[in-house]
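Note sheet for the following structure.
No value in this document is a laboratory result; all are computed from the given coordinates. Worth saying up front: this structure is predicted, and the values here are computed from it rather than measured. When we count neighbours, we look across all protein chains shown, and the Cβ atoms used for this are built from the backbone with ideal geometry, even at glycine.
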Amino acid sequence: MPAVNPFIWSRPLDDPAKIVGMDGFARDVALILKGQTNVALFGPRDTGKTTFTVQLARELERSHGDDAPPHTVVRVNLQRCFSIPAFIGCVHDALLSHPQRRIQREARRQIAVLEKEIGFDIKVIKGSVRRSGVTAAQDVEALHAQLASIARLDRHVVVVFDEFQHLNRCPESPLSIIRSALMSSGANHVSLLLTGSIREAMAMMLANSDEPIFGEAHQMELPAISHVDFLEYLDFNFEATGRPTDEDALNHLLNITGAHPKRTQQLAWAAWEATKRRGRRVTVEVVQDAYERMLAGPEAAPFETVLDVLSSGDEGQANEMRALFLLADRGAEKLTSRQHLALYGFTTPSMIPRALERLRARGLTQRAPGSGAWRIADPFFAGWLREQSPLATRASDVAPPFEINE
């Protein structure tokens, strides 16, 4: 019987055996939350925050002693939250799709209570039936009551608000509603985990003294997975499914992806698929070929879209495009050198850091932990930009010159 590809292309991992290098961090965060301290967890897009919350939920459901009993976890995905009714819909979906039947049943009971007390009707809120006469104040009341009901689900509760930064643009002050419903008296047994991929947006909500949740969460960074941990994981899974590997190939794979969680899984998946013929080893050449195919295939379509948007925008967006190529081609050193200004079409050095900051707000660039050096968040996007750049150095540029015979 042929083996199944052990690597995952896109969805968050829910198998603990496939989650790499986060055991200790999950335990640390779980104990902080069980100690009734809220946590804000930062991490760039596609670096495993959602997968981490799966592992964290399992850790929270364990007992860590008499003073740290099991906690019920409710995970609310706010990625599509653009209004108070949408927020209510996100919470409603999270409750009714909870993995524990006991929590689903209790959530339905709480919804029935809300229907009697305040006339809560999810069909009206979602607009499935006519919303005539429904005011913004009524939506706010419904969200407050719904969030407060989460605190009644169990004796110890952790609410995970994934992609929390999307509330930054949600009208009707959702942060005030969260504070009142889940961070006030009567909710002392509830802790919050707020995850976000755009640090600046999260920081505005947590570090601004004018915001309702100012100073209410301990800020943490999702740690990078170490090269060694990922190497062992890749080696085990390739070997266990009949794919002998060269260690040089695995190191090459990780050097390409920079141990980026999603891109490492994808490139490993592609390399595994490329070696389906019995006895074929995973070599450096196999990995490189899989990588080049990915950059030339449909996976690159989002990169094209980004450049199309930037190149058709105003001068500020054009500078963002220039900054992307500059960072991909030259790396973080001497970004504002006079030579780079002329090569990439900037007129003043100050344009470059401003463009990089705007790109960070888009989730396209980030500062490396520790050094603070700028880099492109997605290693595949960086590689694709180098392939597209007219200023990138290529092998043909350094080849010996043709000999001309007289």
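Miscellaneous remarks
- Taking one quarter of the surface of the C-alpha convex hull of region 22-221 gives a mean projected area of 11.0 nm².
- Measuring nothing but alpha carbons in region 247-379 and taking Rh as the Kirkwood radius, the Rg to Rh ratio lands at 1.05.
- Dimensionless Rg ratio for region 211-268, taking C-alpha atoms and the 2.2 N^0.38 Å reference: 1.61
- Counting neighbouring Cβ atoms within 10 Å and putting the fewest first, the residues LYS276, LYS49 line up as LYS276, LYS49.
- Sorted by Cβ density within 10 Å, fewest first, the residues THR305, THR72: THR305, THR72
- Projecting label points 7 angstrom from Cα along Cα→Cβ for ARG102 and GLU333 puts them 5.8 nm apart.
- The fraction of Cα-Cα pairs per 10 angstrom bin, counted from 0 for region 146-291, comes to 10, 30, 17, 17, 18, 8, 0 percent, rounded to whole percents.
- Spacing of the two label points (7 Å from each Cα toward its C-beta) at ILE32 and ASP308, in nm: 4.1 nm
- Pairs exceeding a 18 Å alpha-carbon distance, out of LYS18/LYS276; LYS18/LYS49; LYS262/LYS334: LYS18/LYS276; LYS262/LYS334.
- The chain: angle of helix 247-257 to the longest principal axis, Cα-based, in degrees nearest 10: 70 degrees
- Using just its DSSP H runs of length 4 or more, each adding -39500 (n - 2.57), the chain gives a mean residue ellipticity at 222 nm of -15000 deg cm²/dmol after division by all residues.
- Nearest-0.05 FRET efficiency for ASP23 and ARG169, computed from C-beta distance (R0 56 Å): 0.95
- In region 227-296, Cα pairs under 8 Å separated by at least six residues give a relative contact order of 35 percent.
- Peptides 367-373, 80-86 ranked from most to least packed by the mean count of surrounding Cβ atoms within 10 Å: 80-86, 367-373.
- The overall shape of region 342-396 is oblate: from the C-alpha gyration tensor, with semi-axes ordered a ≥ b ≥ c, the ratio a/c is 1.5 or greater and a/b is no larger than b/c.
- Acute angle (nearest 10 degrees) that the helix 136-150 long axis makes with the longest principal axis of the chain, alpha-carbon atoms: 90 degrees
- Helix axis angle, 23-34 relative to the chain longest principal axis, alpha carbon, degrees: 30 degrees
- Annotation: Cα Rg of the chain relative to the compact-globule expectation 2.2 N^0.38 Å equals 1.14.
- Per principal axis, descending, Cα span of region 227-296 in whole Å: 29, 29, 18
- Computed label-point distance, nm, for sites ASP121 and ASN255 using a 7 Å Cα→Cβ extension: 6.5 nm
- Lys, Arg +1 and Asp, Glu -1 on Cβ, resulting dipole of region 300-394 about Cα centre, debye, nearest 20: 380 debye
- Residues ARG105, ARG45, arranged from fewest to most other Cβ atoms within 10 angstrom of their Cβ, appear as ARG105, ARG45.
- Between region 68-140 and region 212-233, the alpha-carbon centres lie 29 Å apart.
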